[in-house]
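Down below is the structure, laid out as structure tokens.
The values are calculated or read from the model by the stated rules, or taken from the named source; none is laboratory data. Note that this is a predicted model, so its numbers are computed, not measured. Cβ atoms come from the backbone with ideal geometry, glycine included; neighbour counts cover every protein chain shown. Please note that ligands, DNA and RNA were not included when accessible areas were found on the heavy atoms of the full protein model with its side chains. Shrake-Rupley method; radii C 1.70, N 1.55, O 1.52, S 1.80 Å.
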Amino acid sequence: MNNISIQKVISYFLLPAYIGLFSCNDGLNLDPIDQLAGSNFPQTDADAISAVNGIYQAAELSTRFGYTIDLPSDLTITGENPNGDAGFLSSQQWEPFNSYITYMWTTFYAGITNANVLIDHLENPGSEITSSLASRIIGEAKFLRAYYYQYAVQFWGEVPLVLHKGENDEGERLTRAAVDDVYLQIETDLKDAALRLPHADGFSGSDRGRATWGAAKTLLSKIYLVWGQTSPTYSEAQRKELYRKSIDIATEVIESRDYELEDEYARNWSVENRNGKESVFATQHSLSQSSDGGGGNHLMHCAFATGFTQTLPHVVISDLKFRDEFDPADQRKGVTYADSLFNNLTGEWYQFNVPRYLKYIDPLDPNGSASNRNIDRTVLRYAEVFLLRAEASNEYDRAPNATAYSDVNTVRRRAFINTPRPADYDIPAGLDYEGFKARIQQERTFELTYEQNRRLDLVRWRILVKALKESGVPAKQNVSAKNYRFPIPGSQRNINPGNLWQNYGYDGSAITENPYRDYEPGWTDR
């Protein structure tokens, strides 16, 4: 079989759709028809592999995830111009024509559209592709379609649900599907993907990093939890069933023994430890992947764009108190934030006035980090599986059980593995539902900072406005209830203003009553 590396993501299959991302007039009419007619449909196994590779990663998308998930949270601010689009994300003042929000919409739908085309083709009985390979690639494509949709529904709420080539009608008649319908499709895709995909040890060499059974299952467990917490129509009984499913799926992943926690937390972002034993799914980055010769992960550039100077880089910690909340003995503190770094060029340690995000700075080559940009972007780690099961258990029982305590403490004991007695740092027993929920929320902050989770966590916990207001960070004080969702991009509504109705609080919205009023009494009813 002609095996093409997943890292070669620029393929004929994605490119025509991706070119359309830079046109202000493009809607969802992203089918690469001119490249997928006749003989250009995947004819061989190598063609099919190349086609699915193109769905994995759009250039520089890792940066946009940081800008649309980390930057609008309480933990991160921009070091750039506060009056630019990045600055508006930082200060909660984004509007329908924000370039980053528009970029995410068009890129998600480019990936979805290309997944649709490939799935439809490979599910056709006349496909020439080896059947076992076709099944696996369908699994990869369905995982990726679900991956893009789960971000879209969390960003915008109701979004167009497009599942087949030709359904978009050039974007002019698409409607926004109900939130629960989008989640039902995500569930369907991930369940089918898990049936088709191999376990982590089923890939080797350049194929490591592809979607696996564990990636599909872990994302499904996470989706069940988020869905249960955010469904606008489900009953308490239906939500509870989603929490049960989240627990069961997380248990499957844990009992599979496909993954292990790294003893050294920092190894999760080591160039020498790509797709290590804790990695469930990561966006692959390698040198020369981008046209400029770098790896394309601008999370690295944004964290260290200004190098060994006191000038702030593109993104930085919003307040030192978030660093100081870490216990000094917690190994995650020194990996999440760098107060100082060794400069190989000068042979001296350099002290920063404001800490840098170290997860995406290569400590062995900090000077090259901003240009190399070749550390893989973490999407799902095994540590999060324990945190997901603990949180879902607390939601299901409305109180923590023994497994929930064990799960959180498993993660914490790794954090304090370098102390004489890691168990001394276990969270205390006897917490009620609210007390354990607060500890889970704090633990996710310690474990997952700058891993593109924070804003989505605040939204699903329904504490977005309160958290940003109480942070005391001046740039976050403009937050209001409307910030629970991003606006539908103006360029899309120009094509289809009737069906792509605008979210509450933004220009063009017809919604006059605050739909988030009950989320945070005293905060979102203002």
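Remarks
- Take every pair of alpha-carbon atoms less than 8 Å apart whose residues are at least six positions apart; their mean separation over the length of region 43-175 yields a relative contact order of 27 percent.
- Pair-distance profile P(r), taking every C-alpha pair of region 289-359, with 5 angstrom steps and integer %: 3, 15, 23, 22, 18, 12, 4, 2, 0
- For region 216-242 versus region 99-117, the gap between their alpha-carbon centres in whole angstrom: 24
- With semi-axes defined as the square roots of five times the eigenvalues of the C-alpha gyration tensor, the equivalent ellipsoid of region 247-371 measures 28, 20, 13 Å, largest first.
- Region 255-308 - Kirkwood radius from inverse mean 1/r over Cα pairs (Å): 13.1
- Computed over the Cα atoms of region 102-257, pair by distinct pair, the Kirkwood hydrodynamic radius stands at 16.4 angstrom.
- Separation in nanometres of the label points that stand 7 Å from Cα toward Cβ, at E241 and T44: 4.8
- Residues in the chain average 38 Å² of solvent-accessible surface per residue, probe 1.4 Å, ligands and nucleic acids excluded.
- For the pair region 183-204 and region 340-386, the centres of their Cα atoms are 32 angstrom apart.
- At 1.306 mPa s and 10 °C, Stokes diffusion of region 380-509 via Kirkwood alpha-carbon radius, µm² per second: 92
- Taking trypsin sites (Lys or Arg not before Pro) across region 231-279, the ones in a DSSP loop with at most 12 further Cβ atoms lying within 10 angstrom of their Cβ are R257.
- Taking all pairs of distinct alpha-carbon atoms in region 308-445, Kirkwood radius in angstrom: 17.1
- Cα-Cα P(r), the chain, percent of pairs per 20 Å interval: 22, 59, 18, 0
- Length gained on full extension, A438 to D426, computed as 0.36 nm times the residue gap minus the Cα-Cα distance: 2.8 nm.
- Orientation-averaged projected area, Cα convex hull of region 41-155 (nm²): 8.0
- Contact order relative to length of the chain, as percent, for alpha carbon pairs under 8 angstrom and 6 or more apart: 18
- 12 Å reach of a label modelled at T306, 7 Å along Cα-to-Cβ, counting backbone N of region 328-353: 352-353
- Per the Kirkwood formula applied to alpha carbons, region 218-294 shows a radius of gyration over Rh ratio, Rg over Rh, of 1.16.
- From the alpha carbon centroid of region 416-432 to that of region 453-526 is 37 Å.
- Equivalent ellipsoid dimensions for region 165-264 as semi-axes, Å, which come from the Cα gyration tensor, largest first: 29, 22, 10
- Here the contact order of region 235-288, divided by its residue count and restricted to Cα pairs under 8 Å and six or more residues apart, works out to 25 percent.
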